[in-house]
Amino acid sequence: MEVLQSLRYSLYLIFHPFDGFWDLKHEKKGNLKTAMLIVAMVCVTFILRRQLTGFILNEVKLRELNIIVEILSVALPFFLWCVANWCLTTLMDGEGSFKDIVITSAYALIPIILINLPLIVFSNIITLEEAAFYRFFDILAIVWAGVLLFLGTSVVHQYSLTKTFLTSICIVIGMGLIIFIALLFFSLLQQMFSFFYTIYKEVALRL
Amino acid sequence: MRARRILAIVFIFVLLCPAVAHADEPYSNYNYDFWGTPIPAPAAYVPSRIIDGRALDIDNFNKPSDLFTGPDNRLYVADSGNSRIVVINENWELDRIIDGFDKNGVRDTFRNPQGLFVTPTGEIYVADTDNSRIVHLDPDGKFIREIGPPVSDIIPADFKYYPTALVVDKANRIYIVAQGVNQGLIELDHNGDFVGYTGASKVKFNLIDYTWKMIATDEQRERMVLFVPTEYNNIDIDNDGFLYVTTGTIALEDIDYAIRTRSKDDRYAPVRKLNPTGTDVLRRNGYFPPVGDVSFRSRGYAEAGHSQLYDVCVEDSGIYSVLDKKKGRIFTYDTDGNLLYVFGGIGNRLGNFRDPVALDIINDQFVVLDFNMAQITVFEPTEYGRLVKEAVELHLNGKYDESAARWEQVLKYNANCELAYIGMGKAYLRKDDFRNAMKYFKLGNKRDYYSKAFDLYRQEVIGDNFGLVVAGLVVLYIGSRVLKRIRVRKKAGLKAMGKVEA
């Protein structure tokens, strides 16, 4: 019941972002459960979109669906954003906790679900000439979600717009850094492993 | 008991049955699907015979480098190493040998002739490479004239002229491919006078290159690869006078880019069709541009790497084939640029080549000249190959129904033939059977035509159900009005109640 109410609140939030995000945090209109549900719904939306978009606009190999990849392609950037966001805003006097950030970011993704689901149906009844409408709404969903993400960050940390803008850029750079360090870590780990394995092999062969 | 006996008999029968449809060509037959995956296909052409010196009862060929199908189906071979032209008749027997000619009373011979062309009237033009000239002979092999190096202000004085291939159009203009010329083709008028270079691809402005050059130092700039326009390596001409040329100087990254983006840009095209002004007009509407193989292993494997197109031959119908010198494959495309079939390969068996250099078609049979093995391999079409070709040709001639019938047969041989599905779809579309058209276009992965069929189908559905659609809209409208009214009343009622309570 709580979840349903919170989801209904998200419909208000996407049209009134300033009040919406404020109440989301201070009036406890949002909760983590709903946030996770929204992220899961975004994953499902992307999978449905991949598989069910009309033939004319869909150029992927339908037979080669990898659900794990699809889920990760949504969940990984999302949590990367949240982590980078938290890392930076903690240093820059942000007022939001990690939980606040996750909830805010999740609610900002609502337009993606709301626009893409009808768009899947729409894509099945249009021709190539009308594809421009499809593209328009496709982009609208992303821009809308992007603006909400931006405003959400601003409200939850009580930043001015300029500060939010700079922070957002830093967050994106931070995401890149995290990926870089993760790759570095794994590659080093792999090299270390292969180093010890070579030693083991050398010793085993000599004995 | 009885059932078991029958089963046993069936088993024995199956075991004794020879394997049907056994592919014995020493190469793989395939075609690319929409995603660029090579899908096995039936053989379209199979090798039927080898023609070499022994078969013709003459000295063996020595480094032959060109062949050409003349009128009345004679095959002219430029036997470069022996400095002679060998003419073969329709029955694959020796017709004659031209190893010299009488030039104004003096006996003259060729020196390493690497290209030749025979006009529809039977006149022979020979690119007499090491003699730096074109020799023009009449149908009997008698000398008419010779055309020496082109003379012009724009040609440097130390220019070494080695013509290697040529064609002559109906107005007797001569187009020559010469070694080391990267400005395109050399065009001569009917007198043999130099007109100009033609067919070089235009250098287009590239912002990235420009920016790099701006920030680079002078030394770096010098080290940067100069943008060299195309150097052509072979040429053919169709009935309408369009020139088909191949080139091997496209950067491999550019070819990769063209494959990846399904580019129609002629700058990345190793085969081009030039109109009289030298502009490329080749249609590249297939899934991929005509570049030979579009998916291949990287280095280290036997059949790795890009195709290297070396010769092109165009048929009367506009279907053209290119020869991949590196992998010994022949790729045939229709006028829209759809890949029809692939055959041939490198090796030592019948149907293989070691160094294929020239390709032509004679009576529906492909002839491929091998420089290294000094022989000609003849390929003849299979039933499948013939059907595909007929289907394409009938469609070009506007006989759509007959074409569709051929495509239907093609599908019996090869259910993976996307082109056949498209052909069938087009036929259904013409018959206003939009549902079937959509089905076949979907099978053929043809989105633009699917969209067309779908548009018409949608119109049909809406047209048929127009009454229903209107009725539905009316009901929706009235329904919404009624709902609104009920809501308003409820609110009013509540308010009234509130007032009473107050």
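Okay, here's what the table says:
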item	result
Conditions (1) on the phi > 0 side of the Ramachandran plot; (2) open to solvent by 80 Å² or more (accessible area, probe 1.4 Å); (3) within 11 Å of chain A (Cβ to nearest Cβ): number failed by B:Lys452	(1)
Residue within region B:297-308 that is open to solvent by less than 20 Å² (accessible area, probe 1.4 Å), out of contact with any Asp or Glu (no Cβ under 6 Å at 6 or more places or on another chain) and at pLDDT 90 or above present	no
Hits in region B:400-425 (condition: open to solvent by 30 Å² or more (accessible area, probe 1.4 Å) and either within 17 Å of A:Thr127 (Cβ to Cβ) or touching a Pro at 6+ places or on another chain (Cβ under 7 Å) (or both))	B:Tyr413
Residue match in region A:181-204 (condition: assigned to a helix (DSSP H, G or I) and in contact (Cβ under 8 Å) with a residue 60 or more places away in the chain)	no
Breaking point among (1) more than 14 Å from chain B (Cβ to nearest Cβ); (2) assigned to a helix (DSSP H, G or I), for A:Gly94	(2)
Matching option when the condition is touching a strand residue (DSSP E or B) at 6+ places or on another chain (Cβ under 9 Å) and not in a loop (DSSP other than H, G, I, E, B), among B:Val181, B:Val195	B:Val195
Residues within region A:48-68 that are more than 9 Å from chain B (Cβ to nearest Cβ) and open to solvent by 30 Å² or more (accessible area, probe 1.4 Å), tallied	13
Index of the failed condition, A:Ser123 passing every other in (1) more than 14 Å from chain B (Cβ to nearest Cβ); (2) among the small types (Gly, Ala, Ser); (3) more than 17 Å from the chain's Cα centre (by Cα)	(1)
B:Arg447, sole failed condition from (1) more than 14 Å from every other protein chain (Cβ to nearest Cβ); (2) free of Cβ contacts under 8 Å to residues at least 60 places away in the same chain	(1)
Some residue of region A:129-136 being within 14 Å of chain B (Cβ to nearest Cβ), in contact (Cβ under 8 Å) with a residue 24 or more places away in the chain and open to solvent by 70 Å² or more (accessible area, probe 1.4 Å)	no
All positions within region B:432-442 that are more than 9 Å from every other protein chain (Cβ to nearest Cβ) and buried (at least 18 other Cβ atoms within 10 Å of the Cβ)	B:Phe434, B:Ala437, B:Tyr440
Output for region B:328-358, where each listed residue is part of a loop (DSSP other than H, G, I, E, B) and open to solvent by less than 10 Å² (accessible area, probe 1.4 Å)	B:Gly328, B:Gly337, B:Gly344, B:Gly351
Test for B:Leu350: is it of a type in the set (A, V, I, L, M, F, W, C) and assigned by TED's automatic domain parsing to the domain that holds B:Asp311	yes
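The values are calculated or read from the model by the stated rules, or taken from the named source; none is laboratory data. No experiment lies behind these values; they were computed from the predicted model shown. All Cβ positions, glycine included, derive from the backbone under ideal geometry; neighbour counts span all protein chains shown. Only protein heavy atoms, including side chains, enter the accessible area calculation; ligands, DNA and RNA are left aside. Shrake-Rupley method; radii C 1.70, N 1.55, O 1.52, S 1.80 Å.
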